[in-house]
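Down below is the structure, laid out as structure tokens.
A short reminder: the numbers here are calculations on the coordinates, not readings from a lab. As the structure is a computational prediction, the values presented were derived from the model and not from experiment. With ideal geometry, Cβ positions are generated from the backbone for all residues, glycine too; neighbour counts draw on all protein chains shown.
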Amino acid sequence: MPVKVHVTNMLVRHLDTEPDFQVQARSLGELLEVKDQDVEGFRDSICDEAGKVRVYVNVFVNGENVAREDEALSYPLEEGDEVYILASVAGGAR
Amino acid sequence: MQLLVGTVKGGFILDGDSSRRNWKLRGPFFDGFETYEMVADASGGRPEYYAAVNTWTWGPVIYKSIDGGKSWKRTKKAPRYAAKKQKGKKDALAVKRTWNLQPDGRGRVYAGVEPAGLFYTDDGGASWQESESLNYHPTRGKWNPGNGGLCLHTIVVHPRNPKKIRVGVSAVGVIGTDNGGKDWRFMNKNIRVDFSPVKYPEWGQCVHKIDLNPNKADVLYLQNHGGVYRSADFGENWTEIDKGLPSDFGFPIAVNRTKPDTVYVFPMQGMGRFPPDGKFSAWRTRNAGREWAPAHKGLPEHAYFDVLREAAAVDGEEHGGVYCGTSTGQVYYSVDEGESWRQMADHLPRIASLSILDN
């Protein structure tokens, strides 16, 4: 059974992708790589070229935010895990 | 004629008729994301529009339009440092913003980014290449940021020889190549640094903007953090030309496109970043910087806004139009070389860039 992924509507608009999908992946990094093959720019939208999850992106795995972990892309995923990719609450300075 | 307007909350287009008196506003584009630059590349016939959109969530991206700005599509790729070069590095580079887009007139588009780097695309944004000899310059580890970040914000390509490129980096200065980017060298001779014990260092200047008239392309004009400068040899040497200005601080500089000795600056008080004594004025020289005079008929006399580095433009009409956008969302313009000004737009977000697409 694959990993279930839900992404924010902001990202749906930005990438013209679907809000809910399933991916076979053993880590967060692999999830991004696999999805990037379907939706170009997916990985780049979530993490920068240095391999860090972008500052205002949160990634919840089974309810736990793993985005700020040092090696977030190595975070292991298992069958049936539920991943939410959301924008953080930000923008007050604008 | 079109005026492309980048703001901190999306991009706009003002469509003007041939009289340049009537303008219609379209936008905002890009979902309200910060737009630091919008330009049109007309070198291939049908103009291709590019926009540098710095989303606060998903990173900086490039949008493109091939239908006059009616519809926009994100390009396949955006400028990015090579991931393999960043792996395991304590000071790994990751593009935070795109500041400047500059078509070279031959189908190539350059992009200047923060942290400071130069990229280019030869395929309309499907892929981007790094200028590695600049981006990994041996002095890079000592480069200091300006208040806006360590950004490569200005790209000047010689109109007749595209291998000659000058870029402006805050606060590193002018860096140039004469061989298409194989080698880069500092070109800050005689440019002052007020915030250093060494007044004229090889590099470390906070250059704000450079402009030229394509018909007199070896002559560059530069607004520095302190001082306005002219170079007669495409940046090899600089001469200070700010005598008579109310402040030597400002951000943009623009050269009239039909009269190459006519230049505009927008002086600001150095600390407050607003017009000296609150009286907003363009200042114009008609003799290459020997004399300056205010040009403010129609501009507000009590104003405490700024004009950011990319927010001035000139058109190619016979009586050269001059355009400036403010940090409080107004666009002012003159169709008589600065003699008189009108307001074209108001209540826009903070304006980051203006760019003209001539008819």
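Ranking B:Thr326, A:Met10, B:Thr121 by how far each Cα lies toward the positive end of the dipole of the protein assembly as shown (charges on Cβ) leaves B:Thr326 at the top. What the Cβ-Cβ distance of B:Asn190 and B:Thr258 gives, at R0 = 22 Å and to the nearest 0.05, is a FRET efficiency of 0.20. The length gained on full extension between B:Ala126 and B:Ala42, counted as 0.36 nm times the residue separation minus their Cα-Cα distance, comes to 28.4 nm.
Using the Cβ-Cβ distance between A:Arg13 and B:His347 with R0 set to 30 Å, the FRET efficiency from 1/(1 + (r/R0)^6) comes to roughly 0.75.
Ordering B:Thr154, B:Thr285, B:Tyr81 by Cα displacement along the dipole of chain B toward the positive end leaves B:Tyr81 in first place; charges were set at the Cβ atoms of Lys, Arg (+1) and Asp, Glu (-1).
Summing Lys and Arg as +1 and Asp and Glu as -1 over all other residues whose Cβ lies under 14 Å from the Cβ of B:Pro103 gives a net charge of -3. Of the trypsin sites (Lys or Arg not before Pro) found in segment B:84-119, those in coil by DSSP whose Cβ has at most 16 other Cβ atoms within 10 Å are B:Lys87, B:Lys89, B:Lys90, B:Arg106. Dipole magnitude for segment B:160-226: computed about the Cα centre from +1 point charges on Lys and Arg Cβ and -1 point charges on Asp and Glu Cβ, it is near 180 debye. Counted by Cβ distance under 10 Å from B:Gly59, the other residues give a net charge of +1, where Lys and Arg count +1 and Asp and Glu count -1. Only the Cβ atoms of Lys and Arg (+1) and of Asp and Glu (-1) were treated as charged; on that basis the dipole of chain A about its Cα centre amounts to roughly 440 debye. In this label model, A:Ser27 and B:Asp31 are separated by 2.8 nm, measuring between points 7 Å along each Cα→Cβ vector. I'd like the distance separating the alpha-carbon centroids of segment B:107-166 and segment B:234-264, in whole Å. Going from one Cα centre to the other spans 23 Å. Lysines within cross-link reach of B:Lys259: Cα-Cα under 22 Å, excluding same-chain residues under 8 positions apart? The qualifying lysines are B:Lys209, B:Lys216, B:Lys243, B:Lys297. DSSP loop GluC sites (Glu not before Pro) in segment B:266-359 with at most 11 other Cβ atoms within 10 Å of their Cβ, which ones? The qualifying sites are B:Glu301, B:Glu318.
Near B:Tyr200, within a Cβ-to-Cβ distance under 13 Å, what is the net charge of the other residues, with Lys and Arg +1 and Asp and Glu -1? Summing Lys/Arg as +1 and Asp/Glu as -1 gives 0.
When only the Cβ of Lys, Arg, Asp and Glu is charged (+1, +1, -1, -1), the dipole of the protein assembly as shown relative to its Cα centre reaches about 980 debye.
For B:Arg160 and B:Lys24, what does the FRET efficiency come to when R0 = 35 Å and r is the distance between their Cβ atoms, rounded to the nearest 0.05?
Details: r = 36 Å, r/R0 = 1.03.
Once the sixth-power term is evaluated, E becomes 0.45.
Shown for A:Ser45, A:Ser88: other C-beta atoms within 10 Å of each C-beta, ranked fewest to most, produce the order A:Ser88, A:Ser45. Taking 21 Å as the straight-line reach from the Cα of A:Lys4, the lysines in range (excluding those fewer than 8 positions away in the same chain) are A:Lys35. Couplings for segment B:306-317, taken from phi via the Karplus curve 6.51 cos²θ - 1.76 cosθ + 1.60 with θ = phi - 60°, read 10, 10, 6, 4, 9, 9, 9, 8, 10, 9, x, 6 Hz in order; Gly and Pro are left as x.
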